[in-house]
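A quick write-up on the structure given underneath.
Any read-out appearing in this document is the output of simple, stated calculations on the displayed coordinates, not a laboratory observation. Note that the structure is predicted; figures quoted are calculated from it, not measured. Because the Cβ atoms are built from the backbone with ideal geometry, glycine has one as well, and the counts that use them run over all protein chains shown.
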Amino acid sequence: MSQLAVRPGAFEPWAGLPAELAEVIKPELGTLAEEIVEAVREGIPEFGRSMGESYEYVIRVGVERALTQFADKVGDPNLTVDDWDAVHRKLGYGEFQQGRSLDALQAAYRLGARVAWRRLADAGLRLSIPAPLLFQLGEAVIAYVDQLAALSVEGYAEAQAHAAGARERRRRQLMQTLLADPPPSEAAIADLARTARWTVPEQLVAIALEPRADDRELTLPDLGPAVLIDLEGSEPCLLVPEAQLDRTEAALRSVLHSSRAAIGLPVAVADARRSLRWARRALAFLRRGSLSRQQVVRSADHLSTLLLLADEALVEVFAERRLAPLRQLTAKQQVRLSETLLAWLETRGGAPEVASRLQVHPQTVRYRLRQLEALFSDQLHDPDSRFELECALRALAVVRAPATDG
């Protein structure tokens with residue numbers, strides 16, 4: 001065997017080996033595969049435990065085919081064996097499905113390479129193969145195992161991508177179910193939550209997000225697996241466990257920029273649709289500039305407004321009836337007297353207090369109050385009438401507020 005020599009001009013390590021060396025390798029393969037499998041089972045704890053017959057079969061076949069493929073590549077460097085490569089991708093895929101990291105599989109590859117090289121080196125010494133050729137063979141073994149490990153990494157990454165995609169589909173289905181009408185049953189929620197790996201909270205809160213003006217999708221930080229997210233629709237929203245609301249709100253404030261958001265009220269999980277309805281209502285008023293100039297608002301801070309404006313058409317009818325005496329005035333007079341009446345109803349003070357609020361002269365307020373007394377008469381002295389007048393004026397101030405650009 002001393003006449004064997006390294007093949008010149010080779011790029012891959014095994015391509016530089018003489019084809020005749022394949023005949024030296026093949027006789028060792030019969031028991032080498034079993035030796036590698038046993039070494040891996042004894043040396044790698046993760047593979048020492050029972051992994052199921054089907055997966056153990058894949059590992060054994062993978063070792064046998066890897067050895068055969070290596071010998072064949074030495075005999076013919078141009079040989080393509082894509083179907084065998086699939087076995088090693090499947091090993092990586094299986095590791096993810098078994099719930100393990102790639103560390104154990106890569107350790108198994110390294111151990112297998114040592115066992116294979118030790119056996120082939122012993123055979124080479126028995127046959128008096130020149131040392132330079134043995135060195136080349138050792139390099140070829142290492143390079144080949146590196147390729148196999150890379151294939152398994154690809155398979156592992158593919159399994160991760162599939163799992164992530166399936167999990168996201170289940171989370172979207174869960175979110176759609178939680179927001180469905182009629183609301184889902186507790187059993188349906190529990191079943192979907194289990195498949196989506198979502199822990200059902202005691203209460204959750206919906207957050208309505210304003211779509212970006214440029215139609216690009218909002219980019220959010222990692223809010224954790226407990227937060228359900230829908231950014232794909234025309235009305236993006238989140239469902240957040242109440243316990244994580246403060247943290248989520250802080251994260252939103254850091255990335256919303258010119259966009260706005262409104263937070264619904266805490267509800268039972270099955271009532272998520274209600275919380276989102278309130279949040280979207282609050283967002284609509286926020287975009288009008290009727291609630292606040294803040295970027296993020298909580299519905300809990302504006303309950304009276306949301307209650308008053310639960311039905312805007314009814315508000316218009318109600319206001320028109322309660323404020324009918326003002327219709328005989330000009331539009332400019334109606335605005336001035338409406339502002340004065342609302343300030344008087346809210347402060348229940350005299351002319352100086354109302355004047356200070358409106359930033360006008362007290363004598364001007366006295367003149368307007370006499371006009372209001374003439375228009376509304378006894379209504380200004382009846383508690384129920386005063387309450388309804390204030391409700392009408394407050395509601396109209398919100399309904400007719402001009403929209404803002406944020």
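Computed from the C-alpha gyration tensor, the three semi-axes of the ellipsoid equivalent to the chain are 81, 21, 15 Å, from longest to shortest.
Taking neighbour counts of Cβ atoms within 10 Å as a proxy for exposure, in what order, fewest first, do Ile263, Ile129 appear?
Ile129, Ile263
If you take the Cα centroid of segment 119-142 and the Cα centroid of segment 147-205, the two points sit 51 Å apart. Stokes-Einstein diffusion for segment 203-308, with the hydrodynamic radius set to the Kirkwood value over Cα pairs and evaluated at 37 °C in a medium of 0.692 mPa s, equals 241 µm²/s.
Against the main long axis of the alpha-carbon atoms of the chain, helix 272-288 sits at an angle near 60°.
Provide the FRET efficiency to the nearest 0.05 for the Glu20-Val61 pair, computing r from the beta carbons and using R0 = 25 Å. Given R0 = 25 Å and the Cβ-Cβ separation, E is 0.35. Cβ-to-Cβ counts within 10 Å put Asp222, Asp146 in ascending order as Asp222, Asp146, the fewest first. Using the Kirkwood radius built from alpha carbon pairs, what does the Stokes-Einstein equation give as D for segment 265-313 at 10 °C and 1.306 mPa s, in µm² per second? Translational diffusion coefficient: 141 µm²/s. How far is helix 29-43 tilted off the main Cα axis of the chain, in degrees rounded to 10, range 0 to 90? The two axes meet at around 50 degrees.
Over the residues of the chain, the helix contribution to mean residue ellipticity at 222 nm works out to -20000 deg cm²/dmol, using -39500 (n - 2.57) for each DSSP H run of at least 4.
Each Lys or Arg adds one and each Asp or Glu takes one away; over the other residues whose Cβ falls under 9 Å from the Cβ of Val269, this sums to -3.
Relative to the first principal axis of the alpha-carbon coordinates of the chain, what is the inclination of helix 131-178, with its axis defined by its Cα atoms, in degrees from 0 to 90 and to the nearest 10? Once rounded, one gets 30 degrees. Under 23 Å of direct C-alpha separation, and excluding same-chain neighbours fewer than eight residues apart, Lys90 reaches these lysines: Lys73.
Legend: Rg and Dmax of segment 312-399, from Cα coordinates, 12.4, 37 Å.
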